[in-house]
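What follows is a single structure, written as structure tokens, with notes after it.
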Amino acid sequence: MELYILIEAGQIIGIGPTIALILLTGVAGAWLARSQGVAILSRIQEETSRGQMPTATLIDGALVLVGGLLLLTPGFFTDLLGFSFLVPLTRDVWRATLSLWLEKQVRQGSVRIHRQ
């Protein structure tokens, strides 16, 4: 699917603009992932210093990491998905969905949490 979209975009807007868009989304994604990552690290430090377990913030961190990796992967579909992991509004939806899935996995015994 990704290859098909890239070929179609190249035929519609040209090869140069398509490559430029891919590079631009990579650069924008790296910048956004870095800025969001720094903010998340700060929140993790703040929450742990208050003695709280930063569960939601850790999930946010994982989503930002995956989003950044997706944006570095050439393609428009992966870019769209990656940006949805990086933008706080849509990341909230992903976090809620992932949290529900993880809770279900823990209840079913598919995932075990070991504490030391």
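The values are calculated or read from the model by the stated rules, or taken from the named source; none is laboratory data. Keep in mind that this is a model prediction, so the values were computed, not measured. Heads up, the Cβs are rebuilt from the backbone with ideal geometry, glycines too, and the neighbour counts pull from every protein chain shown.
State which residue is surrounded by the fewest Cβ atoms within 10 Å (Cβ to Cβ) when the search covers only the range 1-35 and only residues that are of a type in the set (Gly, Ala, Ser) and touching a Ser or Thr at 6+ places or on another chain (Cβ under 8 Å).
So in the range 1-35, the residues of a type in the set (Gly, Ala, Ser) come out as 9-10, 14, 16, 20, 26, 28-30, 33, 35.
Applying the additional criterion that residues be touching a Ser or Thr at 6+ places or on another chain (Cβ under 8 Å) yields 9-10.
Details: ALA9: 18, GLY10: 14.
Checked the range 1-35; the qualifying residue surrounded by the fewest Cβ atoms within 10 Å (Cβ to Cβ) is GLY10.
What are the residue pairs meeting all of these: first residue in the range 40-54, first residue among the polar types (S, T, N, Q), second residue surrounded by 12 or more Cβ atoms within 10 Å (Cβ to Cβ), Cβ atoms under 8 Å, and 6 or more apart or on different chains?
Pairs that qualify, where the first residue is among the polar types (S, T, N, Q) and the partner is surrounded by 12 or more Cβ atoms within 10 Å (Cβ to Cβ), are THR48/PRO54.
Determine which member of the set LEU41, LEU70, LEU80 is surrounded by fewer than 16 Cβ atoms within 10 Å (Cβ to Cβ) and under 30 Å from LEU3 (Cβ atoms). Reasoning before the result, please.
Working: LEU41 fails: under 30 Å from LEU3 (Cβ atoms); LEU70 fails: surrounded by fewer than 16 Cβ atoms within 10 Å (Cβ to Cβ).
So the residue among LEU41, LEU70, LEU80 that is surrounded by fewer than 16 Cβ atoms within 10 Å (Cβ to Cβ) and under 30 Å from LEU3 (Cβ atoms) is LEU80.
Please indicate, with yes or no, whether at least one residue in the range 50-62 is on the phi > 0 side of the Ramachandran plot and either in a helix (DSSP H, G or I) or more than 16 Å from the chain's Cα centre (by Cα) (or both).
Within the range 50-62, the first condition is being on the phi > 0 side of the Ramachandran plot, and the residues that meet it are 51.
Filter again for either in a helix (DSSP H, G or I) or more than 16 Å from the chain's Cα centre (by Cα) (or both), leaving 51.
Taking every residue of the range 50-62 in turn, at least one turns out to be on the phi > 0 side of the Ramachandran plot and either in a helix (DSSP H, G or I) or more than 16 Å from the chain's Cα centre (by Cα) (or both).
Can you confirm whether GLY82 is in a helix (DSSP H, G or I), closer than 28 Å to SER99 by Cβ, within 10 Å of the chain's Cα centre (by Cα) and touching a residue at least 40 places away in the same chain (Cβ under 8 Å)? Before you say what the answer is, go through the steps one by one.
Numbers: in a helix (DSSP H, G or I): yes; closer than 28 Å to SER99 by Cβ: yes; within 10 Å of the chain's Cα centre (by Cα): yes; touching a residue at least 40 places away in the same chain (Cβ under 8 Å): yes.
So GLY82 passes the test.
Residue check: is GLU8 of a type outside the set (Lys, Arg) and closer than 27 Å to LEU98 by Cβ?
Details: of a type outside the set (Lys, Arg): yes; closer than 27 Å to LEU98 by Cβ: no.
So GLU8 does not fit the description; no.
Scan the range 88-107 for residues that are surrounded by 13 or more Cβ atoms within 10 Å (Cβ to Cβ), at pLDDT 90 or above and of a type outside the set (Phe, Trp, Tyr) and report the count. Talk me through it step by step, then tell me what you get.
The initial filter retains those residues of the range 88-107 that are surrounded by 13 or more Cβ atoms within 10 Å (Cβ to Cβ), namely 90-92, 94-95, 98-99, 102.
So of that shortlist, the ones also at pLDDT 90 or above come out as 90-92, 94-95, 98-99.
So of that shortlist, the ones also of a type outside the set (Phe, Trp, Tyr) come out as 90-92, 95, 98-99.
Total satisfying the criteria: 6.
Have a look at VAL66, VAL111 and point out the one that is outside any helix (DSSP H, G or I), out of contact with any Cys (no Cβ under 6 Å at 6 or more places or on another chain) and either touching a residue at least 40 places away in the same chain (Cβ under 8 Å) or hydrophobic (A, V, I, L, M, F, W, C) (or both).
On the way: VAL66 fails: outside any helix (DSSP H, G or I).
Criteria check complete, one pass: VAL111.
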